[in-house]
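The values are calculated or read from the model by the stated rules, or taken from the named source; none is laboratory data. Small disclaimer: the values here were computed from a predicted structure and weren't measured. Neighbour counts run over all protein chains shown; Cβ positions are idealised from the backbone, glycine included.
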Amino acid sequence: MEEEINIVSEEHDHRIVEKLNNILDAGEAAMVIIAPYSGLVVAPRVILYPYIDFPEEFNIKQAIDAIKRKLRERNLLKEGKIERLFLLIQSPGGGVISSFKVAKLIRENVKEVISFIIHFAMSGGTLIVLASNKIVMGPISHVSPIDIQMKYKEDFISQTTSSEPSEACQPYLKRYPKKTHPTAGKSWPKNWTP
């Protein structure tokens, strides 16, 4: 039997709803963003990993609109914003543009954001939690650098992993003066094409 995954949904388990109602004050809401760390093997050499991308922008917008609609129905939406959002997050990251849009969307619609990192909020997940007023982490929780990467062939090359380009890039770099080589904190030259 195939299990259905709800991308955006409201909690229907009456026990959880009841507990949340007892915990949350008027005008407060809770949101969960969870992506597993391990990927889905779709071919012997192909693994799909979950990450923050364009669909999440729309999903978060849809969730925020649903929360605001519920609060508006109960006359609990003040100044058009959610009073406080408790964000439970676990994410290996994703696209920097989408992560930024999600963080901005949350900030524009919520007065106070308190993020709880279950285990990790890496790269784009870090960017989202940095939009919070408060970040709560456990003893094994962690964040990571906002690590912008580019895809080259089957690999992702990070601009922040080292101060020198990887050995795999060395043959290409010999064609250009050293001062134009890409390093951490330095943008890739326009004329540099592997």
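Before moving on, here are some points about what is shown:
- Pairs, first over 19 Å from V32 (Cβ atoms) and without any contact (Cβ under 8 Å) to a residue 12 or more places away in the chain in segment 90-105, second charged (D, E, K, R) and part of a strand (DSSP E or B), C-beta under 8 Å, six or more apart: none
- Of all residues in segment 15-73, those being under 14 Å from the mean Cα position of the chain (by Cα), farther than 19 Å from E108 by Cβ and among the β-branched types (V, I, T) number 2.
- Identification of strands (runs of 3 or more DSSP E) wholly contained in segment 43-137 with 2 or more residues that are surrounded by fewer than 16 Cβ atoms within 10 Å (Cβ to Cβ) and in the same structural domain as A26 (by TED's automatic domain parsing) yields 46-48, 110-121, 134-137.
- Considering residues of segment 90-143 that are hydroxyl-bearing (S, T, Y) and in contact with a Leu (Cβ under 9 Å, 6 or more places away or on another chain) only, the residue farthest from I67 (Cα to Cα): S99
- Residue count for segment 6-30, restricted to those that are in a loop (DSSP other than H, G, I, E, B) and modelled with pLDDT of 85 or more: 4
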